[in-house]
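Working notes, structure below.
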Amino acid sequence: MITRLAKVCNPYGIHVRPSAVIAKAAREFASDLEVTSAKGETVEAKNLLALISLGVTCGQEVTLRANGPDEAEAVVRLAELFQTRFDFERQ
C-alpha cells in the first residue's frame, strides 16, 4: 500500500469535471484507489459521485492511497493530476 498527500490546486476544488478526470484516470489502474479528505472522509477514486461528495476546495490537502499491482504508478498519476489542476487549461 502506498499513500501520498496531494494539494488541490484547481481554484474551484473538486467538482464534476475534476471528479470525472480523477475517476477516469483511476479506472486505468488495477489497484484499489482511495481519496481521503482533510475531514477524514474516504471514497473510492474510481467513483465520480463519491469524489464530488467530498466537497474538497482549493488549497485543501487530500490523501491518496493505492493498493495493488500498479499502486506506485497509480498514486503518481493521481498526484500529478492534482498538481496540474486536473489537466485543465489555465483561465
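Could you tell me how many of the residues in the stretch 23-33 are closer than 22 Å to residue 11 by Cα and surrounded by fewer than 18 Cβ atoms within 10 Å (Cβ to Cβ)? Counting residues in the stretch 23-33 that are closer than 22 Å to residue 11 by Cα and surrounded by fewer than 18 Cβ atoms within 10 Å (Cβ to Cβ) gives 1. In this structure, does residue 31 turn out to be touching a Gly at 6+ places or on another chain (Cβ under 8 Å) and modelled with pLDDT of 95 or more? Taking the combined requirement at face value, the residue satisfies it.
So that you can scan it fast, the table gives a plain yes or no per residue for (1) closer than 17 Å to residue 84 by Cα; (2) aliphatic (A, V, I, L, M):
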residue: 11; (1), (2): yes, no
residue: 25; (1), (2): yes, yes
residue: 28; (1), (2): no, no
residue: 33; (1), (2): no, yes
residue: 48; (1), (2): no, yes
residue: 64; (1), (2): yes, yes
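Within the set 84, 36, 63, the sole residue that is within 22 Å of residue 12 (Cβ to Cβ), hydroxyl-bearing (Ser, Thr, Tyr) and modelled with pLDDT under 95 turns out to be 84. Close contacts from the stretch 13-35, counting a first residue that is more than 10 Å from residue 78 (Cβ to Cβ) and a second that is in a helix (DSSP H, G or I) and acidic (Asp, Glu), with Cβ to Cβ under 6 Å and a gap of 6+ residues or different chains, come to 31/71. Scanning the stretch 44-74 for residues that are among the small types (Gly, Ala, Ser), out of contact with any Leu (no Cβ under 8 Å at 6 or more places or on another chain) and either over 12 Å from residue 1 (Cβ atoms) or free of Cβ contacts under 8 Å to residues at least 12 places away in the same chain (or both) gives 50, 53, 55, 59.
The values are calculated or read from the model by the stated rules, or taken from the named source; none is laboratory data. Because the structure is a prediction, the values reported are computed rather than measured. All Cβ positions, glycine included, derive from the backbone under ideal geometry; neighbour counts span all protein chains shown.
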